[in-house]
Amino acid sequence: MGDSDVPVAWLENLGMVAAGVSAMDAANADPDGDGLTTAQEYVAGTDPNDPDSKLTAYIEMVDGEPVVTYAPDLLNERAYKKLGKKRLDDPNEEWVEVKDDEEGNYNFFKVTVDMP
């Protein structure tokens with residue numbers, strides 16, 4: 001890894017480290033203009049050269065209960081968390097981690113991703 005948490009080899013493979021461009025500059029750039037840096041896209045597992053490549057959460061109803069999934073899912077290469085809330089208008093209610101099969105206890109969801 002270079003000065004950022006993004007592997008230099010990954011940046012080189014995408015053609016982002018060229019003459020005069022450091023790994024840090026490449027990691028902090030937003031080549032596809034989608035508002036996410038290359039480093040953020042690395043963590044999300046998305047393509048920093050494609051503005052349509054996003055970490056996306058899906059809610060599907062299964063037997064009357066919501067089931068939250070997300071894509072891409074890089075399995076053990078990333079640490080994903082499903083978070084839920086019952087209400088958005090209560091400033092005192094915190095987002096809590098939602099385990100599989102607990103989605104029915106919540107009305108609102110978000111997914112976070114970090115490096116393990």
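The values are calculated or read from the model by the stated rules, or taken from the named source; none is laboratory data. It should be emphasised that the depicted structure is a prediction, and the values quoted were computed from it without experimental measurement. Methodologically, a virtual Cβ is constructed for each residue, glycine included, from the backbone with ideal geometry; neighbour enumeration extends over all protein chains shown. Heads up: the accessible areas ignore ligands, DNA and RNA and are worked out on the full protein's heavy atoms, side chains in. Shrake-Rupley method; radii C 1.70, N 1.55, O 1.52, S 1.80 Å.
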Quick one: which of Val113, Val21 is over 19 Å from the mean Cα position of the chain (by Cα), β-branched (Val, Ile, Thr) and under 27 Å from Val6 (Cα atoms)? Val21
Considering Glu93, Glu103, which residue is of a type in the set (Asp, Glu) and surrounded by fewer than 17 Cβ atoms within 10 Å (Cβ to Cβ)? Glu93
Filtered residue count, segment 3-18, keeping only those that are surrounded by 15 or more Cβ atoms within 10 Å (Cβ to Cβ) and out of contact with any Pro (no Cβ under 8 Å at 6 or more places or on another chain): 6
Apart from one, (1) of a type in the set (Lys, Arg); (2) within 18 Å of Val113 (Cα to Cα); (3) open to solvent by 60 Å² or more (accessible area, probe 1.4 Å) all hold for Arg78; the odd one out is (3)
Screening Gly45, Gly64 for residues that are loosely packed, with under 12 Cβ neighbours inside 10 Å and in contact with a helix residue (DSSP H, G or I) (Cβ under 9 Å, 6 or more places away or on another chain) leaves only Gly64
Given the conditions (1) open to solvent by less than 80 Å² (accessible area, probe 1.4 Å); (2) closer than 25 Å to Pro116 by Cβ, and given that Val21 satisfies all but one, which numbered condition is not satisfied? (2)
Run Ala39 past the list (1) open to solvent by less than 60 Å² (accessible area, probe 1.4 Å); (2) more than 18 Å from the chain's Cα centre (by Cα) and report the number of the one that doesn't hold. (2)
If Ala44 meets every condition in (1) touching a strand residue (DSSP E or B) at 6+ places or on another chain (Cβ under 6 Å); (2) at pLDDT 95 or above apart from one, which number is that one? (2)
Can we say Ala79 is free of Cβ contacts under 8 Å to residues at least 40 places away in the same chain, touching a Pro at 6+ places or on another chain (Cβ under 6 Å) and of a type in the set (A, V, I, L, M)? yes
